[in-house]
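Undergrad: Shown below is the structure under consideration.
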Amino acid sequence: MRAPLTFLVVRLAELAPGLRVETGPATGPYAYDASNYRVPPRAVVFPRSAEDVVAVVRACREAGVPVTARGGGTSMSGNAVGPGVVLDFSRYMNRILDIWRRSWVRRR
């Protein structure tokens, strides 16, 4: 069962103070991507750190609300739309700071 939107917004404010959360008509542009799908989200958030992302996922898990990640506009098949919370990474978390690489050296 999904929790009311007010519960989700209040829980996000508790877990991630200062996190920007958009609801209502402001989420309109997030209802579609380059595909033919139109799915209005319940809310859109703009995380500034990994801690914000963890807080959003925790609040959505508690509320029973799905999460959709949205990046730089590469999806053209409906992957960037969803009925729950959209995490918009394009605003603040839009740089690669580090790449962790594992050495796959074969042992002989």
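Undergrad: Expressed as an acute angle from 0 to 90° and rounded to the nearest 10, what is the orientation of the C-alpha long axis of helix 50-63 relative to the principal long axis of the chain?
TA: The angle comes out near 50 degrees.
Undergrad: How large is the accessible surface of residue 22 in square angstrom, using a 1.4 angstrom probe and rounding to the nearest 10?
TA: Here the residue's solvent-accessible area equals roughly 40 Å².
Undergrad: Please sort by residue number the chymotrypsin sites (Phe, Trp or Tyr not before Pro) in the range 1-53 whose DSSP state is loop and whose Cβ has at most 15 other Cβ atoms within 10 Å.
TA: On the way: sites: 7, 30, 32, 37; in loops: 37.
Here the chymotrypsin sites (Phe, Trp or Tyr not before Pro) that fit, given the DSSP loop and packing criteria, are 37.
Undergrad: May I ask what percent, to the nearest 5, of DSSP beta bridges between residues of the chain are antiparallel?
TA: 35
Undergrad: Would you please classify the overall shape of the range 30-100 from the alpha carbon gyration tensor, given that a ≥ b ≥ c denote the square roots of the eigenvalues, rounded means a/c under 1.5, and beyond that prolate means a/b larger than b/c while oblate covers the rest?
TA: Judged from the Cα gyration tensor, the range 30-100 comes out oblate (a/c at least 1.5, b/c at or above a/b).
Undergrad: I've got another one for you. Roughly how tilted is helix 5-15, in degrees to the nearest 10 and between 0 and 90, from the longest Cα axis of the chain?
TA: The angle comes out at about 50 degrees.
The values are calculated or read from the model by the stated rules, or taken from the named source; none is laboratory data. On a predicted model such as this, the values are computed, not experimentally measured, just so you know. Methodologically, a virtual Cβ is constructed for each residue, glycine included, from the backbone with ideal geometry; neighbour enumeration extends over all protein chains shown. The area values use the complete protein model at the heavy-atom level, side chains included, leaving out ligands, DNA and RNA. Shrake-Rupley method; radii C 1.70, N 1.55, O 1.52, S 1.80 Å.
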